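The values are calculated or read from the model by the stated rules, or taken from the named source; none is laboratory data. Please read all numbers here as calculations on a predicted model, not as lab measurements. Cβ coordinates were reconstructed from backbone atoms using ideal geometry, including for glycine residues, and neighbour counts include every protein chain displayed. Accessible surface is based on the protein model in full, side chains and every heavy atom, while ligands, DNA and RNA are left aside. Shrake-Rupley method; radii C 1.70, N 1.55, O 1.52, S 1.80 Å.
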Amino acid sequence: MIKLYGAMASRAHRVVWMLRELGLAFEHEQTPFMDGSTHRPEFLAINPNGRVPVLVDDGFVIYESLAINLYLAQKHGGPLAPASLQESALATQWSFWVTTEIEKPLLFASVNRKLFAEDQRDEEQAQMAIGKLNRPFKVLNEHLEHRPWLLGERFTVADLNVATVMDLAPQCGIALDAWPRLQQWHERCPARPAASDWKDVKFSIPRPPTLLALLRMFV
């Protein structure tokens, strides 16, 4: 039995998409992350970090959304799974890469354009973050010049992991037309039937009182 903890407005949406792609039955515990639920003793016993998502698979506990998806792909096989040691390494590479090169500046832009209350947003800070995305977007665009998907001819867990981070771009008004291959790839990913419908979830977060506290949100 698979049980997933985490609300759709969290990174749990990545895992929901993966579970749907694999056609796996699962119980979804809609654990919110802004009301203290993840810091209650019963949840900390599952993930002492106090964060979602967490997947429990027949007693095996794993957290970190991208790692969960890599685990599910390796366990359940199929075309989404790496087909060789080299593909496994590349799927891990792209999953690490998108968190280090893209996710933080995209989140920083997103909070200043959408997730903070309108009177707490700072467009100058959003633009600063967006400026840091030109290089990794160029890398991804060039990689996709000669292949339809990140690992070659088929959609895999690598595409799903990277796409669910990239989803923040249209949400915070970042146009991708300067990177046409990247844009085309990103349009194909969420068009898949199993793609989770988390983008309809509306939520906001309070802006920290200082810039230092804001920066610590992304460290």
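V61 meets the conditions (1) open to solvent by less than 50 Å² (accessible area, probe 1.4 Å); (2) modelled with pLDDT of 95 or more; (3) of a type outside the set (K, R); (4) on the phi < 0 side of the Ramachandran plot in every case but one. The failed one is (1). Condition (residue is under 24 Å from M18 (Cβ atoms), surrounded by fewer than 18 Cβ atoms within 10 Å (Cβ to Cβ) and either without any contact (Cβ under 8 Å) to a residue 12 or more places away in the chain or in contact with a Gly (Cβ under 6 Å, 6 or more places away or on another chain) (or both)) applied to segment 116-133: is it met by at least one residue? No, segment 116-133 has no match at all.
Residues of segment 52-71 that are in a helix (DSSP H, G or I) and touching a residue at least 40 places away in the same chain (Cβ under 8 Å): S65, L66, I68, N69, L70.
Scanning segment 152-175 for residues that are over 18 Å from the mean Cα position of the chain (by Cα) and assigned to a loop (DSSP other than H, G, I, E, B) yields a count of 3. Annotation: A83 fulfils all but one of (1) more than 25 Å from Q184 (Cβ to Cβ); (2) in a loop (DSSP other than H, G, I, E, B); the unmet one is (1). Does any residue of segment 18-37 turn out to be farther than 30 Å from F116 by Cα, part of a loop (DSSP other than H, G, I, E, B) and modelled with pLDDT under 95? Among the residues of segment 18-37, not one is farther than 30 Å from F116 by Cα, part of a loop (DSSP other than H, G, I, E, B) and modelled with pLDDT under 95, which makes the answer no. Screening A194 against (1) modelled with pLDDT under 90; (2) part of a loop (DSSP other than H, G, I, E, B); (3) in contact with a Gly (Cβ under 9 Å, 6 or more places away or on another chain) leaves a single unmet condition, (1).
Screening T92 against (1) at pLDDT 95 or above; (2) open to solvent by less than 30 Å² (accessible area, probe 1.4 Å); (3) not in a strand (DSSP E or B) leaves a single unmet condition, (2). Total residues in segment 1-17 satisfying the condition of being surrounded by 12 or more Cβ atoms within 10 Å (Cβ to Cβ) and outside any helix (DSSP H, G or I): the figure is 10.
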